[in-house]
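Peer 1: Supplied in structure tokens, the structure appears directly below.
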Amino acid sequence: MLYFVLKYLHIVGAAVLLGTGSGIAFFMLMAHLSGKPAVIAGVARIVVIADFIFTATAVVMQPITGTLLVVHVGYSFWDGWVVWSIALYVLTGALWLPVVWMQIRLRDFATIAAAEGKPLPEQYHRIFWLWFAFGIPAFAAVAIIMWLMIAKPQIAFF
């Protein structure tokens, strides 16, 4: 029973990471394409909250449930698919942390522009495209991690 509870929590966490990440990216992109600072500010405000509630919770839970699963099932932490999952998870985290900061900055720039009735500043656009560029490999890494968890391919580490 413990195995199924851990596996369920781990799969739900992975789905939250992939789903929240893709949802946030979609809504931020759609808001950006509107070109309206008030829309961008409102969406970015919600996105920042969602990232802290959903993504951050899953980010904390994934290594806990993953470690417990590896130990419980008897996998080795040196199995290639486990090593690659961990490496990609660390990469995703290294990309996600700056993305959260960028989302906060985007929200703040849009909020100020909307309040002052001005267009979005050039800094907003630079940060937005950097945010977009960080999101692509982060999303791909999470998708690959999910595939590794499901397929558990035999990958030689040494």
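The values are calculated or read from the model by the stated rules, or taken from the named source; none is laboratory data. Fair warning: this is a prediction, and the values are worked out from it, not measured in the lab. Cβ coordinates were reconstructed from backbone atoms using ideal geometry, including for glycine residues, and neighbour counts include every protein chain displayed. Side chains are part of the model used for accessible areas, which takes the heavy atoms of the whole protein and leaves out ligands, DNA and RNA. Shrake-Rupley method; radii C 1.70, N 1.55, O 1.52, S 1.80 Å.
Peer 1: Taking a probe of 1.4 Å, how large is the accessible area per residue of the chain, in Å²? Intermediate values should be presented prior to the final figure.
Peer 2: Working: 9120 Å² over 158 residues.
About 58 Å² of surface per residue is accessible.
Peer 1: Taking 1 over the mean of 1/r across every pair of different Cα atoms in the stretch 1-91, what Kirkwood radius in Å do you get? Spell out each step's value before the answer.
Peer 2: On the way: mean 1/r = 0.0674 Å⁻¹.
Here the Kirkwood hydrodynamic radius works out to 14.8 Å.
Peer 1: Using r as the Cβ-Cβ distance of Ser76 and Ala15, and R0 as 22 Å, what FRET efficiency do you calculate, to the nearest 0.05? Provide the component values of the computation, followed by the final result.
Peer 2: Details: r = 26 Å, r/R0 = 1.16.
Between Ser76 and Ala15 the formula returns 0.30.
Peer 1: Which aspartates and glutamates have a Cα lying under 12 Å from the Cα of Lys152, excluding residues fewer than 8 positions away in the same chain?
Peer 2: Within the straight-line limit of under 12 Å, Lys152 reaches these aspartates and glutamates: Asp79.
Peer 1: Tell me, how many Å apart are the Cα centres for the stretch 59-73 and for the stretch 99-113?
Peer 2: Answer, in whole Å: 33.
Peer 1: Estimate the FRET efficiency between Ile144 and Ile104 by the formula 1/(1 + (r/R0)^6), using the beta-carbon distance for r and 25 Å for R0, to the nearest 0.05. Provide the component values of the computation, followed by the final result.
Peer 2: Working: r = 27 Å, r/R0 = 1.09.
For R0 = 25 Å, the calculated efficiency reads 0.35.
Peer 1: How far is helix 56-73 tilted, in degrees, relative to the longest principal axis of the Cα atoms in the chain, given as a value from 0 to 90 rounded to the nearest 10?
Peer 2: 10 degrees
Peer 1: Explain nothing, just the number: dipole magnitude of the chain about its Cα centre with +1 on each Lys and Arg Cβ and -1 on each Asp and Glu Cβ, in debye rounded to the nearest 20.
Peer 2: On the way: 8 positive and 5 negative charges, 33 e Å.
My answer is approximately 160 debye.
Peer 1: Also, I was wondering about something else. State the label only: which of [x] 64, 35, 28; [y] 60, 33, 19; [z] 58, 31, 23 corresponds to Cα extents along the principal axes in Å computed from the shown model?
Peer 2: Read-out from the structure maps to [y].
Peer 1: In whole percent, and with a 1.4 Å probe on the protein chains, what portion of the accessible area of the stretch 50-131 is carbon and sulfur?
Peer 2: For the stretch 50-131, the apolar C and S fraction of the accessible surface comes to 75 percent.
Peer 1: As I understand it, the value is the acute angle between the Cα axis of helix 122-151 and the longest principal axis of the Cα atoms of the chain; what does it come to in degrees, rounded to 10?
Peer 2: With both axes taken from Cα atoms, the answer is about 20 degrees.
Peer 1: Next up: Run the helix sum for the chain: -39,500 (n - 2.57) per DSSP H stretch of 4+ residues, divided by residue count, reported at 222 nm to the nearest 500 deg cm²/dmol. Walk me through the numbers on the way to the answer.
Peer 2: Numbers: 5 runs with 132 residues, N = 158.
Result for the chain, helices only: -30000 deg cm²/dmol.
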